[in-house]
Number of protein chains: 2
Amino acid sequence: MAQAVELPRNEEGIATALGILKQQFGDRFHTGQAMRDQHAHTTTYIKPQAPDAVVFPTSTKEVSDIIKVCAIHHVPVIGYGTGTSLEGHVNAPAGGICVDLSTMDKILSVNADDLDCVVQPGVTREQLNTYLRDRGLFFPIDPGANASLGGMASTRASGTNAVRYGTMKDNVIALEAVMADGRVIRTAQRAKKTSAGYDLTRLLVGSEGTLGLITEVTLKLQGIPEAIRAARMSFPSIDAACQAVMTTIQYGIPVARIELMDELNVRAANAYAGLDLPETPLLLLEFHGSDNAVVEQAEMFGAIAEDAGGFDFATTGTAEERNKLWKARHDLYWATLQLRPGAHGISTDVCVPISRLAEAVTGAQAKAAALGLLAPIVGHVGDGNFHSLVLIDLSDADEVARAEEFTAYLADEAIAMEGTCTGEHGIGQGKMPYLVKELGAAVEFMAAIKDAFDPLGIMNPGKIFKR
Amino acid sequence: MAQAVELPRNEEGIATALGILKQQFGDRFHTGQAMRDQHAHTTTYIKPQAPDAVVFPTSTKEVSDIIKVCAIHHVPVIGYGTGTSLEGHVNAPAGGICVDLSTMDKILSVNADDLDCVVQPGVTREQLNTYLRDRGLFFPIDPGANASLGGMASTRASGTNAVRYGTMKDNVIALEAVMADGRVIRTAQRAKKTSAGYDLTRLLVGSEGTLGLITEVTLKLQGIPEAIRAARMSFPSIDAACQAVMTTIQYGIPVARIELMDELNVRAANAYAGLDLPETPLLLLEFHGSDNAVVEQAEMFGAIAEDAGGFDFATTGTAEERNKLWKARHDLYWATLQLRPGAHGISTDVCVPISRLAEAVTGAQAKAAALGLLAPIVGHVGDGNFHSLVLIDLSDADEVARAEEFTAYLADEAIAMEGTCTGEHGIGQGKMPYLVKELGAAVEFMAAIKDAFDPLGIMNPGKIFKR
């Protein structure tokens, strides 16, 4: 396990806050080891750091009460959604109180005429979409995991269909948040656009709980498209697949998803799901629109991809066939793990300008091979974003060191290509050094905001910056 | 003329800075009254407040040099693009140095494969689009005026086709800026998405020069669509027109523009351009896409609008006919002024959830009538954003007072409808009181950022907040 960021603990303050909050929250306040450990569970290879207690508030007022107690006694506050973040975001390096927002899970309003809704932060995306289905609406952002919408806002999540619908930054209209002194703010009204002052909405989106805790999210919604069409195409090389992606995007074909699986991933999918796909790079696509539009789009993609050397084109409009076509992608995490049973999968994340994508992916493949690592690559390639799931034995220090060398290489290369060390996972504890490499003096201004909003440094300390 | 915000002047500091900058910039440094007055020209009815000098830098380094001198001597720095902002943004209430960025007008790079470009802040949108045309690309944001891209970023501008392409917040990928102490930062890399730290890009977009001066803008570009189709439809009432807009948006028809002109505006257009449009509310639309898609979209809109009571539907795909169809909109500003020759036109701006649009527009019409004002309304209605051009005699104090009552009414009503006091013009000096009404305690956090980034208060003082 890699070391986490370490910070000093304020034992006296923590003890006092624990006593007060126990009093206030009764059986919604937990200090048992199992509960604490569960809330430090992290999907990275960063060592878990459990909080001292976990509390389950049910209202903005209660979140504010908790933060006020923590502010008085200088005790860390760590927001928690579903625990699916990937860079040690929910670790408690200085101890403190984990605020589990999963019990704030009400859908407060759906404004169908305005294509928006207001939800509490603990509502998950699947819960919201189930609720919306009968209204003919959906919320498009899909990071894979059934994350909470507050958590997705906090990490600026995106995923497979960001290429069409944008990321959380584009789909959050307004936030209510409790700030580090317990004050409650609303960052914007419900209008679709605004020029009223600084964009605090976008500032809180992606701030990883370091500036305040999100207690309400106003989200843009979409009408469920009249038609959805899927497509799949194999390519002789990563270069050819990336060329097809670039041309598709340049032609303005409004793909809803365009996912790349490298040859290693395709092999894993074949073995896991009994498929017989050519074991070469694969693109999977989805198109949303009118019946005519999606057929036209799929045909245009097919022609572009064939020009780029693609083969074995398949496309379909029925839901059942769509699921078959995309099967290789749906089970990918589990399929990939079976490439090395018993191994731990570490998910890394970088994003580069799309013109550099082929070079970045083939570079990553070569580096993994040179380090003797099994590290299949999957990408939300319409945005130039890709992940590698590095399969390692966490008890093997040498392998862990090589995995760290690999993720460092990916981040450095992405930055050198005018890309970013993280397209959608966030900085957390894992990417701190790369943030400074990537943005230099700008990080000092981020830290200035942190210090201005949270002078005591109680909001999710040790994330984004070491403070 | 309405009073502008007044702030105390630092005479000694200003005198010293003037001396140093004169030395450094020679004939690119101006203190002549005409030049100063020209840079305080404002299209609002707020009294102009001229700076003490105007300087024309040609590089980021020079902008940094200017700001360093101003920081040492506590002298205000006011950024200037083309002077087309509308809320007194370029006024100098405490005097100081106007930094005219129009001489930083180079297009630094166009990355066609990545659909982005990097420009200096003084590049105007028409200049950029002329440059891009041969490459098959365009930059979609169109606020009407031929504004500079740095200025458009600073005010979070948008305009007619934001409904399809978003606002400046959605189209700026990264910024270079000189901050209040002269430090130069880059807010992001060139990747299409990122989760790397706080979103300083979106913080600077719309900060109206109060946090730093933008010296480079990285922008998203679009491929010129295969086909553009225009449409026009008249409606018996504002209600009917707004119903058609709402349904069109709900159906997910990707309109590129959808503009509402009220009956007064249509009458003005008929008179000015010799048209014979029915003098009832009018919607003008544009569709971008493939040949088939735009025809399908226009037909779908036509059917929806007819259901809502629309009549006299016209649609065309040729450039020449398109210009005829949209003629009423193109000349609107000049046509409207002719409703009352010699009058001054004050452009106001609010944005409401689209479900409240009909109520907001008819409310505004009724209020204007009650106040005896001529105030035709035009709206980028796909976003719920509309403007009124109030036609007044600026020398008539009573009329000015009634115009102020009208704009206050619009802002208050918009806020009461969960909308905003400004959809795209910004706060400047004109909308300060409404910002606080709209966002309450959130404004204290905006001010905390201002104080942290600009502790001396030299960056465009007296805008957004009174500091």
(request) Sort out which residues of region A:271-302 are touching a residue at least 24 places away in the same chain (Cβ under 8 Å) and among the polar types (S, T, N, Q), and write them in order of number. (result) A:T280, A:S290, A:Q297
(message) Quick check on B:E438: is it within 7 Å of another protein chain (Cβ to nearest Cβ) and either farther than 24 Å from B:A50 by Cβ or polar (S, T, N, Q) (or both)?
(response) yes
(message) Given the criterion under 20 Å from B:V90 (Cα atoms) and outside the structural domain of B:S85 (by TED's automatic domain parsing), identify the matching residue among B:T167, B:T130, B:T215.
(response) B:T215
(request) Kindly indicate whether B:A4 is within 30 Å of B:E405 (Cα to Cα) and among the small types (G, A, S). (result) yes
(request) Go through the residues of region A:312-326 one by one and say whether even a single one is within 14 Å of chain B (Cβ to nearest Cβ) and buried (at least 16 other Cβ atoms within 10 Å of the Cβ). (result) no
(message) Give all pairs with beta carbons closer than 6 Å in which a residue from region A:202-219 that is at the interface with chain B (Cβ under 8 Å from one of its Cβ atoms) meets a residue that is assigned to a strand (DSSP E or B); count only pairs at least 6 apart in sequence or on separate chains.
(response) A:V205/A:V172
(request) Report the residue count in region B:280-297 for those that are within 14 Å of chain A (Cβ to nearest Cβ) and of a type in the set (V, I, T). (result) 2
(request) Can you tell me which residue among A:A153, A:A174 is assigned to a helix (DSSP H, G or I) and among the aliphatic types (A, V, I, L, M)? (result) A:A153
(request) Considering only region A:81-112, state which residues are outside any loop (DSSP other than H, G, I, E, B), touching a residue at least 24 places away in the same chain (Cβ under 8 Å), closer than 22 Å to A:E176 by Cβ and out of contact with any His (no Cβ under 6 Å at 6 or more places or on another chain). (result) A:I97, A:V99, A:D100, A:L101, A:S102, A:T103, A:I107, A:L108, A:V110, A:N111, A:A112
(request) State whether one or more residues within region B:344-361 are within 13 Å of another protein chain (Cβ to nearest Cβ), surrounded by fewer than 19 Cβ atoms within 10 Å (Cβ to Cβ) and either over 16 Å from the mean Cα position of the chain (by Cα) or within 19 Å of B:P281 (Cα to Cα) (or both). (result) yes
(request) Answer yes or no as to whether A:V378 is under 23 Å from A:T44 (Cβ atoms), modelled with pLDDT of 95 or more, in contact with a His (Cβ under 6 Å, 6 or more places away or on another chain) and more than 13 Å from every other protein chain (Cβ to nearest Cβ). (result) yes
(message) Filter region A:112-146 down to the residues that are polar (S, T, N, Q) and surrounded by fewer than 18 Cβ atoms within 10 Å (Cβ to Cβ) and list them by number.
(response) A:Q127, A:N129, A:T130, A:N146
(request) Would you mention how many residues in region B:250-305 are surrounded by 18 or more Cβ atoms within 10 Å (Cβ to Cβ) and acidic (D, E)? (result) 5
(message) Return the residues of region B:231-255 that are touching a Pro at 6+ places or on another chain (Cβ under 7 Å) and within 11 Å of chain A (Cβ to nearest Cβ); say none if nothing qualifies.
(response) B:G252
(message) Which of the numbered conditions does A:K431 fail, given that it passes all the others? Conditions: (1) at the interface with chain B (Cβ under 9 Å from one of its Cβ atoms); (2) closer than 18 Å to B:I173 by Cα.
(response) (2)
(message) Among the residues of region A:398-414, are any at the interface with chain B (Cβ under 10 Å from one of its Cβ atoms), without any contact (Cβ under 8 Å) to a residue 40 or more places away in the chain and out of contact with any Phe, Trp or Tyr (no Cβ under 9 Å at 6 or more places or on another chain)?
(response) no
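Mind telling me which of the residues A:F25, A:F56 ends up being within 24 Å of the chain's Cα centre (by Cα), hydrophobic (A, V, I, L, M, F, W, C) and modelled with pLDDT of 95 or more?
A:F56
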(request) Only residues that are of a type in the set (D, E, K, R), crowded, with 16+ Cβ neighbours inside 10 Å and facing chain B (nearest Cβ under 9 Å): list them for region A:441-467, please. (result) A:K450
(request) Among residues belonging to region B:69-80 that are aliphatic (A, V, I, L, M) and in contact (Cβ under 8 Å) with a residue 60 or more places away in the chain, point out the one that is surrounded by the fewest Cβ atoms within 10 Å (Cβ to Cβ). (result) B:A71
(message) Can you go through A:R257, A:R329, A:R322, A:R267 and tell me which one is touching a residue at least 40 places away in the same chain (Cβ under 8 Å), touching a His at 6+ places or on another chain (Cβ under 9 Å) and of a type in the set (D, E, K, R)?
(response) A:R257
(request) Could you please find all residues in region B:175-189 being closer than 17 Å to B:L149 by Cα, within 7 Å of another protein chain (Cβ to nearest Cβ) and crowded, with 22+ Cβ neighbours inside 10 Å? (result) B:T187
(request) Could you pull out the residue among A:A305, A:A335, A:A328 that is at pLDDT 90 or above, under 23 Å from the mean Cα position of the chain (by Cα) and in a helix (DSSP H, G or I)? (result) A:A335
(message) For region B:18-58, give me each residue that is assigned to a loop (DSSP other than H, G, I, E, B), closer than 24 Å to B:G430 by Cα and polar (S, T, N, Q).
(response) B:T42, B:T43, B:T44, B:Q49
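The values are calculated or read from the model by the stated rules, or taken from the named source; none is laboratory data. Source: prediction; values computed, not measured. Cβ atoms come from the backbone with ideal geometry, glycine included; neighbour counts cover every protein chain shown.
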